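The structure appears below as structure tokens.
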Amino acid sequence: MEVVVAKFGGSSLANAAQFKKVHNIILSSENRRYVIPSAPGKQNNGDTKITDLLYLCHKQIEHGLKFDDTLDAIVSRYQEIIDGLKLDLDLKPHIEIIKKDMESNASLEYVVSRGEYLNGIILANFLDYEFIDAKDVVCFNENGILDSELTNKKMKEHLSKYPKAVIPGFYGSLPNGDIQIFSRGGSDITGALVARAVNASIYENWTDVSGLLITDPSIVKDAKPIETITYRELRELSYAGATVLHEETIFPVLDAGIPINIRNTNEPDNPGTMIVSYAEPVTPAGGITGIAGRKDFTVISIEKNRMKSEVGFVRKLLTILENHNIYPEHMPSSIDTISLVVMDCQLDNKLDKLIKDIEHQLKPDLIEVFPNMALIATVGHGMAYTPGISAKLFTALAKEGINVRMIDQGSSEINIIVGVETDDFEKAVEAIYHAFV
Ligand code: ASP
């Protein structure tokens, strides 16, 4: 029988009404046999995610403050769900253990993972599925890094015993049994690991939007949806600022070739977006798949006569950057110039010292610093086969009077990255969108 793995984000499980929608989705297909829940998310804008309350709880414990009120708020959220679903489930024994552990200074990882743990128990009870504690199947090594192979082995062993199960997202365990977590949003990764282990035909990622949009709807109102996107395109768009899935999500399913389907719990009939390993190099939006971007970059431009004939120049420059723990996003160059495009957050207070080191060690003729840059990536695997894409893009920007400060296109031709002044960012995204869509 076909196996579908379904991961539900926090907004899909924020209260009893949302749980009921999830129940209907799961029961509408026999194939949805493995379910990965996040902790309950916000019910409305003024609300707080359970995970954030747990982080607060841990802070209070750390500072020797009372955490009872915060824990009570968490417990009552779960109780409301249990009552709303009329479940015959007593969470008290679990809460007592958690409270005791908190009182004896449980680790941050343990405390914040309880959000998914408790939600998993409730969801398993509601669906009448087996509950599998993620600590038994998601393995991290002693350095806290996911042990992908061991996880796969353990998951295969465990899950083969249960045809239907709920596995909470976000956490697992270290070799000594202590709880370890992924970074925020990490339930997406748990879902991908489960999908790989059970050889799922599809990994459904249920959230509160009907898939990906070609660009940010806060910039282009009514931005159209993306029906199909490849893993690589998604990676480029996420890197450029589009936030959809945890960025590590695709790796477990990539090799196995399992497609990810982003779906909306509040609009289950919408087919959402399919993320696939291969798609025909034809895209509806005139050769492009999506546009994403980020602000807050600085460009450091270095000029030196005969730079290209000075062997080791770039290596020395990269060593200086490495010594400052700075990683440039792009390094466009010409015969006698090289520019470093760096995220502002990487520069912190290091800029003056960095410039001094470059001046001292590389003796350039000129160094100029240009703050307030934004980068925009226009992504599409169809680009490589369609002449005129860049002409269209640059004409659109020129028509709006936008000055392009930097251009970068990899030879794979999957994206074109342009650097513009921060003030031009939104206007540039709009211009590109309307030129293609
Ligand atoms: N609950 C965790 C968070 O808020 C993990 C997740 O939702 O994926 O980041």
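Observations, loosely collected:
- Options 305, 372: the member that is more than 30 Å from residue 430 (Cα to Cα) and modelled with pLDDT under 95: 305
- Given (1) within 25 Å of the chain's Cα centre (by Cα); (2) within 14 Å of the ligand (Cβ to nearest atom); (3) at pLDDT 95 or above, index of the condition residue 77 fails: (1)
- Within the stretch 152-205, the set of residues being among the basic types (Lys, Arg), out of contact with any Pro (no Cβ under 8 Å at 6 or more places or on another chain) and touching a residue at least 12 places away in the same chain (Cβ under 8 Å) comprises 154, 156, 164, 184.
- Residue within the stretch 235-257 that is among the basic types (Lys, Arg) and either touching a residue at least 40 places away in the same chain (Cβ under 8 Å) or part of a loop (DSSP other than H, G, I, E, B) (or both) present: no
- Lone qualifier among 66, 20 - being loosely packed, with under 15 Cβ neighbours inside 10 Å, farther than 26 Å from residue 195 by Cα and basic (Lys, Arg): 66
- Among the residues of this structure, residue 269 counts as one that is surrounded by fewer than 16 Cβ atoms within 10 Å (Cβ to Cβ), among the charged types (D, E, K, R), more than 15 Å from the ligand (Cβ to nearest atom) and not in a helix (DSSP H, G or I).
- Subset of the stretch 99-108 [touching a Leu at 6+ places or on another chain (Cβ under 9 Å) and buried (at least 19 other Cβ atoms within 10 Å of the Cβ)]: 102
- Any chance residue 119 is assigned to a helix (DSSP H, G or I) and touching a strand residue (DSSP E or B) at 6+ places or on another chain (Cβ under 6 Å): yes
- Enumeration of residues in the stretch 186-210 that are of a type in the set (D, E, K, R) and away from the ligand (no atom under 16 Å from the Cβ): 196
- Some residue of the stretch 58-66 being among the aliphatic types (A, V, I, L, M) and either within 16 Å of the ligand (Cβ to nearest atom) or touching a Pro at 6+ places or on another chain (Cβ under 6 Å) (or both): no
- Output for the stretch 166-189, where each listed residue is within 14 Å of residue 10 (Cα to Cα) and either polar (S, T, N, Q) or assigned to a loop (DSSP other than H, G, I, E, B) (or both): 168, 169, 170, 184, 185, 186, 187
- Selection count, the stretch 153-185, where residues are of a type in the set (Gly, Ala, Ser), within 16 Å of the ligand (Cβ to nearest atom) and buried (at least 22 other Cβ atoms within 10 Å of the Cβ): 2
- Number of the condition not met by residue 208 [criteria: (1) in contact with a helix residue (DSSP H, G or I) (Cβ under 6 Å, 6 or more places away or on another chain); (2) at pLDDT 95 or above]: (2)
- Members of the stretch 9-39 found to be over 19 Å from residue 128 (Cα atoms) and touching a residue at least 40 places away in the same chain (Cβ under 8 Å), listed by number: 9, 10, 11
The values are calculated or read from the model by the stated rules, or taken from the named source; none is laboratory data. The structure presented is a predicted model; accordingly, all values stated were derived computationally and were not measured. Cβ atoms come from the backbone with ideal geometry, glycine included; neighbour counts cover every protein chain shown.
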